[in-house]
Amino acid sequence: MKIAIMGAMVEEITPLLQRFGTYETREFANNKFYTLKYKNLDVVVAYSKIGKVNAALTASILINKFGAQKLLFSGVAGAVSDELHIGELIAASGLVQHDLDITAFGHPHGFVPEGKVLIKSDERLLSIAKDTANSLGLSLKEGVIATGDQFICEASKKEWIKKTFDASAIEMEGAGVAFVCDALGVPFFILRAISDAADAKAGFDFDEFLQSSSKISADFIISMLERLERS
Ligand code: 4EH
């Protein structure tokens, strides 16, 4: 089975590549793709660069060029829910685009005609994640992740996103990945460890916790691979 593991920033995939140790590097579409073997799995790792468009491009390449049959995302996010703290893990139950707005034509936020607001994550991958968390004694929360091309560092914007989409966390790539995977019929799983609370001090917290939270997420994804291999 061929599994893609994606991040958005180099810091998000570095702990993965460090754990895997050896890999080959291939270049395509102004980006690098790292291929390797982990037990019986063929793995391809890439970071997309920031934002929904980059994320959608990379997800499409991972699927259509590298033949990924499942896609796992590892990275960091801002907390929207008060119950999520720095370093804690959240798995997306589904994803929305909080900045997609044609409400002027009577449509709800995050919706365009022939589309849907919420793209739901794969239930099997979610259940593998829950089993992994239980067996390691780790806490894994689950909730809606809101994606948009903005770094949110303002309480009022965060509150708006929370109440409009019932979101738990916020980032800038997940829904782009979800959209591509959903359209192409590839099961996906988006995991994030909290780096900040998307408030006035988000910029400082982010810089401080990017590395440690990226590693928390990466370590969990690698633990999931053992179960994926057996499933
Ligand atoms: O890939 C982008 C990174 C921030 S922008 C989205 N990532 C991190 C998740 C994230 C996030 N997204 C929106 C963590 N906290 C967030 C928040 N709002 N509060 C970036 C960061 N550093 C350098 C360049 N760009």
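The values are calculated or read from the model by the stated rules, or taken from the named source; none is laboratory data. Just so it is clear, the model here is predicted, and its values are computed rather than measured. Every residue, glycine as well, gets a Cβ built from its backbone with ideal geometry; the counts of neighbours run over all protein chains shown. Side chains included, ligands, DNA and RNA excluded: accessible areas come from the protein's heavy atoms. Shrake-Rupley method; radii C 1.70, N 1.55, O 1.52, S 1.80 Å.
Annotation for region 112-182 versus region 16-64: alpha-carbon center distance of 21 Å. When you restrict to C-alpha pairs under 8 Å that are six or more residues apart and normalise by the size of the chain, the relative contact order lands at 28 percent. Relative to the Cα centre, the charge distribution of region 41-104, modelled as +1 at Lys and Arg Cβ and -1 at Asp and Glu Cβ, gives a dipole magnitude of about 420 debye.
Within the full protein context, the accessible area of MET172 is estimated at about 40 Å² for a probe radius of 1.4 Å. Comparing ILE102, ILE86, ILE194 in a Gaussian network model of the chain, where Cα atoms under 10 Å apart are tied by springs, the biggest mean-square fluctuation is seen for ILE102. Average accessible surface for the chain: 45 Å² per residue, computed with a 1.4 Å probe over protein heavy atoms with every protein chain in place. Simple rule: put +1 on each Lys or Arg Cβ and -1 on each Asp or Glu Cβ in region 2-230, find the dipole, and look at PHE105, LEU125, ALA68; the Cα lying farthest toward the positive end is ALA68. With a Förster radius of 25 Å applied to the C-beta separation of LEU138 and SER231, the computed FRET efficiency comes to 0.85. Here the Gaussian network model covers the chain, with springs between Cα atoms less than 10 Å apart; of ASP166, ASP82, ASP99, ASP82 fluctuates the most. Annotation: Cα Rg of region 34-112 relative to the compact-globule expectation 2.2 N^0.38 Å equals 1.41. Remark: region 225-231, residue by residue, has Karplus-estimated 3J(HN,Hα) of 4, 4, 6, 5, 5, 7, 7 Hz, where x stands for each Gly or Pro and the curve is 6.51 cos²θ - 1.76 cosθ + 1.60 at θ = phi - 60°.
Just to confirm the number: angle between the C-alpha axis of helix 52-64 and the first principal axis of the chain, 0 to 90 degrees, nearest 10? The answer is roughly 30 degrees. Here the scattering of region 2-230 is modelled by Debye summation over its C-alpha atoms, one equal scatterer each and no solvent; at q = 0.18 Å⁻¹ the log10 of I(q)/I(0) is -1.36. For the chain, which whole-number percentage of the solvent-accessible area (1.4 Å probe, protein heavy atoms only) is attributable to carbon and sulfur atoms? Here carbon and sulfur together make up 51 percent of the probe-accessible area.
Taken along the Cα-to-beta-carbon direction at a fixed 7 Å, the label points for GLN150 and GLU123 span 3.5 nm. As a calculated quantity, the FRET efficiency between ASP42 and ALA104 at R0 = 45 Å, using C-beta atoms, amounts to about 0.45. By the rule of a C-alpha distance below 22 Å, with chain neighbours fewer than 8 residues away ignored, the lysines paired with LYS70 are LYS2, LYS32, LYS37, LYS39, LYS49, LYS52, LYS116, LYS120, LYS130, LYS141, LYS215. Antiparallel beta bridges, as assigned by DSSP with both residues in region 2-230, represent about 35 percent of the total such bridges.
Compute a Gaussian network model of the chain, connecting alpha carbons closer than 10 Å, and tell me which residue from THR164, THR14, THR35 fluctuates the most. Its mean-square fluctuation being the largest, the pick is THR164.
Dipole check for the chain: with +1 at the C-beta of Lys and Arg, -1 at the C-beta of Asp and Glu, and the Cα centre as origin, the magnitude is about 780 Debye.
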